[in-house]
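See structure below.
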Amino acid sequence: MRAKKRVVVLTSTKEALKILKEMTEKLLKEREQEFQVHEHALMDINTYLALIDASEQAKDAVHQFKDAQFEEGAHGDYSERRRRLEIPVCSEAGNEILKHVKVVFSTIKSSFVDVVMESESFKPDMCVIDEASQVLECQKWPTTLKGKKLVLAGDPKQLPAFVNMKLGRYVKPNQSVMERLMLKKENYSWVMLNTQYRSHEEITHWSNTCFYDCALRSYTKDEKLLVYELNPKPEKPCLKLYSPIVHIDTSVVKKDPERVSTYEQRVIIVFDGEEEYSYINKGEATYAMQHYKNLLDMGVQPDKIALISPYRAQVELLSSMIDEYYEKTKNIDCKNTKIGTVDSVQGKEYDIVIFTSVRNNPQKNFGFVADVRRLNVAVSRAKRHFVLIGSGYMLKHNHGSEVRRLFDTIRSLNQRFHPAILTGDWQQYVDYEPKNNFGWNFENFMKNSNDTEMIEWCEEFLKNGRDRCRTETN
């Protein structure tokens, strides 16, 4: 904008689009003298349509349409008559509006991009695609090629692009524009942004070591630690619970019925009109709500907190628990707490993130959580406080080294706790090696599980183990 260039900014989601536009508006306001631009220099589809409706051309068209209704014999197709009036109105008014525009904001799938690109009044010098790791390589190339320069911004170490497999027979699913270009990055100009301004250094340490070769620097100050703003302050022995990154380890729960509540449960949910399997963990949801309530009691605003999980069923369970909390307290602000899947919060940020991993089974099947890119997204959403609620046994014995390293990272900070700390037992710091809490020969798990496939796996595993022991003895 300083160079008087015109730019199209594309994002994969409306949420990311809103954030980028708000940040740009803030910049223009703060540096008004430097950037002296027209009041409509920043344009999105909502502003564009509002200006079209308020234009003189639109007002004239309304009068023409009303007059046409009273013409002799004008009892025909009004919708066709209106369409013939709308096309030239939108074109003429649109060209007039776009004369003053410097930056156009749009989602990458919106037809608004095509309207802008076809306008005689707007010829972009540059096209910027944000979250490019989520943009499929088959999307919008005709549009972006009309710009003189293309800039992609994104993180290939976070969630990839998604394509409906029914539509993606000839496209490698999950391959994004950015991934394709990164394979031949020596042919392009590229730079790694090595300073992050969102999260406390303790939160980013795991991601930095696992994905970014320790090249990431954190521009955060210790005085922004959450614990300094809590009012009333937690008791001194409990201060560690409000550190930047902590782990509430459910594998250390050994007494029933609480132990049983920490096991995963398989459920069926309806999504997009179709039934699908999902998972819930009632114990983890209960611990998440307890920590959530503690934070509210210490003055944290509900809109600063996000409750997230990889599984839709767990999100529904957490949502119902928030609803129950509202009915009990009538605290309308709790409706502003974000509750969603990890995928739904990519590109967003929250002061506090409470993450329930859900899976806890003898097979050590971590499901969605085993995708380290999804785990990277979950952790990196938090600015000041990330709480991982899940089985330390599942983390420590995961097949992925990055997942195991997350467990070790939090443990090395002495910030791994027994869930009892959430209800006031301050002496529940945990240091010993995690063990499963499924009972002798998985008996307790199989007795309480509703997952027939997992129960069959346990039985087969035990049978093979006994046979192997007999063979070794003989």
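The values are calculated or read from the model by the stated rules, or taken from the named source; none is laboratory data. Given the structure is predicted, the values throughout are model-derived calculations rather than measurements. Glycine also receives a Cβ, built like all others from the backbone with ideal geometry; neighbour counts cover every protein chain displayed.
Screening Ala215 on (1) over 23 Å from the mean Cα position of the chain (by Cα); (2) within 22 Å of Val387 (Cα to Cα); (3) of a type in the set (Gly, Ala, Ser) shows it passes everything except condition (2). For the stretch 14-47, residues that are modelled with pLDDT under 85, under 22 Å from Val115 (Cα atoms) and touching a Leu at 6+ places or on another chain (Cβ under 8 Å) total 1.
Against the definition (at pLDDT 85 or above and either of a type in the set (Phe, Trp, Tyr) or crowded, with 18+ Cβ neighbours inside 10 Å (or both)), how does Gly147 come out, yes or no? Answer is no for this residue. Among the residues of the stretch 352-374, those that are modelled with pLDDT of 95 or more and within 16 Å of the chain's Cα centre (by Cα) comprise Ile352, Val353, Ile354, Phe355, Thr356, Ser357.
Per the conditions (1) in the same structural domain as Thr220 (by TED's automatic domain parsing); (2) farther than 30 Å from Lys221 by Cβ; (3) surrounded by 14 or more Cβ atoms within 10 Å (Cβ to Cβ), the sole criterion not satisfied by Glu433 is (3).
Taking every residue in the stretch 36-56 that is farther than 11 Å from Leu98 by Cβ and pairing it with any residue that is aromatic (Phe, Trp, Tyr), at least 6 positions away or on another chain, the pairs with Cβ-Cβ distances below 6 Å are Asp44/Phe105; Ile45/Phe112.
Would you say Ile389 is under 26 Å from Leu295 (Cα atoms), touching an Asp or Glu at 6+ places or on another chain (Cβ under 7 Å) and touching a residue at least 40 places away in the same chain (Cβ under 8 Å)?
Taking the combined requirement at face value, the residue satisfies it.
Restricting attention to the stretch 190-205 and to residues that are of a type in the set (S, T, N, Q) and in contact (Cβ under 8 Å) with a residue 40 or more places away in the chain, the residue that is nearest to Val403 (Cα to Cα) turns out to be Thr204.
Reported count of residues in the stretch 256-270, each being closer than 19 Å to Arg359 by Cβ and either charged (D, E, K, R) or exposed (fewer than 12 other Cβ atoms within 10 Å of the Cβ) (or both), is 5.
Does Gly168 fit the bill of being part of a loop (DSSP other than H, G, I, E, B), within 27 Å of Ile97 (Cβ to Cβ), modelled with pLDDT under 80 and of a type outside the set (Phe, Trp, Tyr)? Against the criterion (part of a loop (DSSP other than H, G, I, E, B), within 27 Å of Ile97 (Cβ to Cβ), modelled with pLDDT under 80 and of a type outside the set (Phe, Trp, Tyr)), Gly168 does not qualify. When Asn187, Asn208 are screened for being outside the structural domain of Leu375 (by TED's automatic domain parsing) and free of Cβ contacts under 8 Å to residues at least 12 places away in the same chain, only Asn187 passes. All conditions in (1) under 22 Å from Lys185 (Cα atoms); (2) at pLDDT 85 or above hold for Ser133, with the sole exception of (2). As an exercise: evaluate Asn294 against (1) assigned to a helix (DSSP H, G or I); (2) touching a Pro at 6+ places or on another chain (Cβ under 6 Å) and give the number of the one condition it does not meet. Going through (1) assigned to a helix (DSSP H, G or I); (2) touching a Pro at 6+ places or on another chain (Cβ under 6 Å) one by one, Asn294 breaks only (2). Assigned to a helix (DSSP H, G or I) and modelled with pLDDT under 60 - does that describe any residue in the stretch 88-105? There is at least one residue in the stretch 88-105 that is assigned to a helix (DSSP H, G or I) and modelled with pLDDT under 60.
The strands (runs of 3 or more DSSP E) found entirely in the stretch 298-392 that carry 2 or more residues being hydroxyl-bearing (Ser, Thr, Tyr) are 350-356.
Against the test of being surrounded by fewer than 22 Cβ atoms within 10 Å (Cβ to Cβ), of a type in the set (Lys, Arg) and in the same structural domain as Phe355 (by TED's automatic domain parsing), the options Arg404, Arg381 yield a single qualifying residue, Arg404. Within the stretch 292-330, how many residues are touching a strand residue (DSSP E or B) at 6+ places or on another chain (Cβ under 6 Å), under 27 Å from Phe366 (Cβ atoms) and surrounded by 16 or more Cβ atoms within 10 Å (Cβ to Cβ)? Going through the stretch 292-330 one residue at a time, the tally reaches 12. Residues of the stretch 434-458 that are over 21 Å from Glu258 (Cβ atoms) and touching a Lys or Arg at 6+ places or on another chain (Cβ under 9 Å): Thr452, Glu453.
Here is a yes/no grid of residues against (1) at pLDDT below 90; (2) in contact with a Phe, Trp or Tyr (Cβ under 6 Å, 6 or more places away or on another chain); (3) over 23 Å from Ile322 (Cβ atoms):
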{"position": "Ser207", "(1), (2), (3)": "no, no, yes"}
{"position": "Gly273", "(1), (2), (3)": "yes, no, yes"}
{"position": "Asn281", "(1), (2), (3)": "no, no, no"}
{"position": "His291", "(1), (2), (3)": "no, no, no"}
{"position": "Met298", "(1), (2), (3)": "no, no, no"}
